[in-house]
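Everything on this sheet refers to the single structure shown next.
The values are calculated or read from the model by the stated rules, or taken from the named source; none is laboratory data. The shown structure was predicted, so the numbers you read here are calculated from the model rather than taken from an experiment. We place every Cβ from the backbone using ideal geometry, glycine too, and count neighbours over all the protein chains shown. The protein model used for the area step is the full one, side chains on, heavy atoms only, and it has no ligands, DNA or RNA in it. Shrake-Rupley method; radii C 1.70, N 1.55, O 1.52, S 1.80 Å.
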Amino acid sequence: MSHTIKQIKERCPRFRILVIGRRNAGKTTILKKMCNSDGSDLRIVDRYGNKVDPSILEPDRQRGMSDIENEITFKSNPLFVFHDSRGIEAGAEHDENSPLCTDSLWEFLDKRSREPRIRDQIHAVWMCIPMDNPRAPSSEFELAFFNARASPV
Ligand SMILES: Nc1nc2c(ncn2[C@@H]2O[C@H](COP(=O)(O)OP(=O)(O)OP(=O)(O)O)[C@@H](O)[C@H]2O)c(=O)[nH]1
Ligand SMILES: [Mg+2]
């Protein structure tokens, strides 16, 4: 490994990704697929480093139980750490036009962009867009998000 790559890995050992999208967009499904996981090696820790029961991500669980600060990892793919926007959709549950509780999302991205250590910043945002939805893809919300909010990432 070159000296430079080694230095980068020391400063930033894991790639940190925020996954956003409407409820049932397939966020959890795509995370598992990308990490080649059946879900059995999925681990969640909360903002204090405490272990969280992975069943909170199951489709029939209350969204309010999730927290965007939770770190989701897979043993099969230890170089990635994920944040899931699921928990912050709770307030928008009944509003089809406002699928994400965006204030909390902005707050999280803004806070993370000001983290002094690269390892704590968000390095990429994945937006899941269900392709069987007539609005998809590139609807107003999605474009506005990337134009206005994803710039510090
Ligand atoms: N047909 C189809 N169904 C899918 C696909 N991806 C996920 N699903 C199904 O859609 C449902 C929701 O998928 P999840 O991955 O839990 O979606 P999510 O965005 O994590 O949902 P929340 O966390 O509840 O917001 C599950 O029953 C999946 O099996 C897909 O590409 N095609
Ligand atoms: Mg999910």
Exercise for the section: Quote the FRET efficiency, to the nearest 0.05, computed for I5 versus K75 with a Förster distance R0 of 22 Å and r equal to the Cβ-Cβ distance. Expected result: 0.40
Exercise for the section: With label points built 7 Å along Cα→Cβ from the Cα atoms of R23 and K111, find their separation and express it in nm. Expected result: 2.3 nm
Practice task
Calculate, in nm to one decimal, what I118 and R14 gain on full extension: separation in residues at 0.36 nm each, minus their alpha carbon distance.
Solution key: 36.5 nm
Completion exercise
Taking placed amide H atoms and a strict 5 Å upper bound, the residues 5 or more places from V19 or on another chain that come that close are H83, D84, S85, W126
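Please compute the per residue accessible area over the range 30-82 with all protein chains in place, 1.4 Å probe, rounded to a whole number of Å².
Per residue, the range 30-82 has 62 Å² of solvent-accessible surface.
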Handout entry: All lysines inside 26 Å of K9 as judged from Cα atoms, apart from same-chain residues fewer than 8 positions distant
Key = K32, K33, K51, K75, K111
Exercise for the section: Taking 7 Å along the Cα-to-C-beta vector as the label spot, tell me the M34-N50 distance in nanometres, rounded to one decimal. Expected result: 2.8 nm
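Count neighbours as other Cβ atoms within 10 Å of each site's Cβ, and list the trypsin sites (Lys or Arg not before Pro) in the range 1-87 that are DSSP loop with at most 12 such neighbours. Kindly include the intermediate steps, with their values, before the conclusion.
Working: sites: K6, K9, R11, R14, R16, R22, R23, K27, K32, K33, R43, R47, K51, R61, R63, K75, R86; in loops: R14, R22, R23, R47, R61, K75.
Here the trypsin sites (Lys or Arg not before Pro) that fit, given the DSSP loop and packing criteria, are R47, K75.
Out of the GluC sites (Glu not before Pro) in the range 7-73, which ones are loop residues according to DSSP with at most 15 other C-beta atoms within 10 Å?
Details: sites: E10, E69, E71; in loops: E69.
For GluC sites (Glu not before Pro) across the range 7-73 that sit outside H, G, I, E and B with at most 15 neighbouring Cβ atoms in 10 Å, the list reads E69.
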